[in-house]
1. At a 1.4 Å probe radius, carbon and sulfur cover how many percent of the accessible area of the chain?
2. Restricting to the chain, what percent of DSSP beta bridges are antiparallel, rounded to 5?
3. For residue 77 and residue 8 in one chain, what is 0.36 nm times their gap in residues minus the Cα-Cα distance, to one decimal in nm?
4. Return, ordered by residue number, the residues of segment 57-80 whose backbone nitrogen is under 11 Å from a label point located 7 Å along Cα→Cβ of residue 101.
5. Express in nm, to one decimal, how much length is gained between residue 46 and residue 58 on full extension, taking 0.36 nm for each residue of separation and deducting their alpha carbon distance.
6. Suppose R0 equals 30 Å. What FRET efficiency, 1/(1 + (r/R0)^6) with r the Cβ-Cβ distance, do residue 114 and residue 29 give to the nearest 0.05?
7. Given a 1.4 angstrom probe, what's the average accessible area per residue across the chain, in square angstrom?
8. How long is the gain from residue 87 to residue 68 if the chain were fully straight, where each residue apart is worth 0.36 nm and the alpha carbon distance is subtracted?
Amino acid sequence: MPHSDALNHVVLRGRVTSAPEARELASGSLVIQFDLSVCDPDGRRVSVPVSWSDPPAARRNELQPDLDVVVVGWVRRRFYRSDGSTQSRTEVVVVEVVPTRRRRTVSSAIERVVRGLADAA
């Protein structure tokens, strides 16, 4: 997982809230963006923007609204120009997305994060 030296690891469980949007960058990379609905510590629903670069076709095709997933990644704040001013967006950059119904794969993904945190300590 990238950025293990900075301890920038995120694990989220939530539901995909709308159809993911695909965008091809000038570099030829494909970026999928979607929002994930998660609960905050008080039990309120919060929308988290997620960005996934060059996802495997099989995983990309199964991302549908209302799919319950675990997202493993890291947090990034991105700056860009829009309407003549500088805007920013804080998002989770995906390393892995796993539907929660795949319990073993979810467990393996979380174990990799824990190992990365332990190795960085």
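1. On the way: 3560 of 7470 Å².
Carbon and sulfur atoms account for 48 percent of the accessible area of the chain.
2. Working: 35 of 37 bridges.
Looking only at bridges with both residues in the chain, the antiparallel portion is about 95 percent.
3. 23.6 nm
4. 67-68
5. Stretched fully, the residue 46-residue 58 segment lengthens by 1.6 nm.
6. Numbers: r = 29 Å, r/R0 = 0.97.
Efficiency computed from Cβ-Cβ geometry: 0.55.
7. Numbers: 7470 Å² over 121 residues.
Each residue of the chain exposes 62 Å² on average to a 1.4 Å probe.
8. Extra length available between residue 87 and residue 68 comes to 3.8 nm.
The values are calculated or read from the model by the stated rules, or taken from the named source; none is laboratory data. Given the structure is predicted, the values throughout are model-derived calculations rather than measurements. Cβ: placed from backbone, ideal geometry, glycine included. Neighbour counts: every protein chain shown. The area values use the complete protein model at the heavy-atom level, side chains included, leaving out ligands, DNA and RNA. Shrake-Rupley method; radii C 1.70, N 1.55, O 1.52, S 1.80 Å.
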